[in-house]
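Structure first, then comments.
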Amino acid sequence: MSFTVHARRVRDERLSPARRGAALGSAVVLYCPFGFTWTRAHLDLIGDTRRDTRAMVTALEVLERSRNARGAEWAEFSRRRTVEKHEAHRRTPSAVDRAWMEAPRWAGPDLHHAHRAMVLRWSCLPVPPPAELRREGLADLERAVTAQVEAYLAEDRPNPEAAVVLGGLLPRLRDAAARTRRTRTKSRLEARADQLRMMAELVHWDRPRI
């Protein structure tokens, strides 16, 4: 079913809270800027989105705002690509365009709030012992990301300087996250590598589409 159908069910007061909550989860499956787990975690900051129907509707509205903004960005991107193909003979998107298309980014008016809220949440999570971080080659990345995240969270606004530094670290962070995922069992190091990567991604992409 489509996102629109699931959204209609979330708002349908004739349905039970359980069915409305399930419909919200299905909507998140179809549009999840931070991935399903972390998009749902962000929406859960609003309230109990599994039992409280008012929280469900509010969460849906937040999700819809981002989805609509993302749709507008894609429409503008398509328009610009059509012009580029005809006038500049550029058949493939630029590296910058591809990065924007693939970024974990909460489009729309809630962009900074969404990114900051999730970075703050991840920054408060337990960190594995230094010895474990060193063993997996994560100690330097932990220090570097933490320093920039602290600078980002110090003020309630985007931080261009931190964004640049973390953007430069993203290739290493993505490699580290992929490397730890290859272990046989899910570990706290795997979780921390992914948290570091996502914090860096969200600080880096806390800016409007250019």
Worksheet item: Any chance region 113-127 includes a residue that's more than 23 Å from F36 (Cβ to Cβ) and not hydroxyl-bearing (S, T, Y)?
Response: yes
Worksheet item: Given the residues A144, A151, A200, A163, which is the only one that is small (G, A, S), surrounded by 22 or more Cβ atoms within 10 Å (Cβ to Cβ) and at pLDDT 95 or above?
Response: A200
Discussion item. Within 24 Å of L111 (Cα to Cα) and in contact with a Ser or Thr (Cβ under 8 Å, 6 or more places away or on another chain): is that true of A55 in this structure?
Written reply: yes
Worksheet item: In this structure, does V119 turn out to be within 16 Å of the chain's Cα centre (by Cα), β-branched (V, I, T) and buried (at least 17 other Cβ atoms within 10 Å of the Cβ)?
Response: yes
Discussion item. For region 12-54, give me the residue count where each residue is touching a residue at least 40 places away in the same chain (Cβ under 8 Å) and either more than 28 Å from L120 (Cβ to Cβ) or assigned to a loop (DSSP other than H, G, I, E, B) (or both).
Written reply: 5
Worksheet item: K186 passes all but one of (1) farther than 18 Å from P128 by Cα; (2) modelled with pLDDT under 95; (3) not in a helix (DSSP H, G or I); which number fails?
Response: (1)
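Per-residue answers, yes or no, for (1) out of contact with any Ser or Thr (no Cβ under 7 Å at 6 or more places or on another chain); (2) assigned by TED's automatic domain parsing to the domain that holds L30; (3) under 30 Å from P17 (Cα atoms):
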{"site": "L63", "(1), (2), (3)": "yes, yes, yes"}
{"site": "R67", "(1), (2), (3)": "yes, yes, yes"}
{"site": "E87", "(1), (2), (3)": "yes, yes, no"}
{"site": "W100", "(1), (2), (3)": "yes, no, no"}
{"site": "A103", "(1), (2), (3)": "yes, no, no"}
{"site": "R116", "(1), (2), (3)": "yes, no, yes"}
{"site": "S123", "(1), (2), (3)": "yes, no, no"}
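The values are calculated or read from the model by the stated rules, or taken from the named source; none is laboratory data. Note that this is a predicted model, so its numbers are computed, not measured. Every residue, glycine among them, receives a Cβ derived from its backbone with ideal geometry; neighbour counts consider all protein chains shown.
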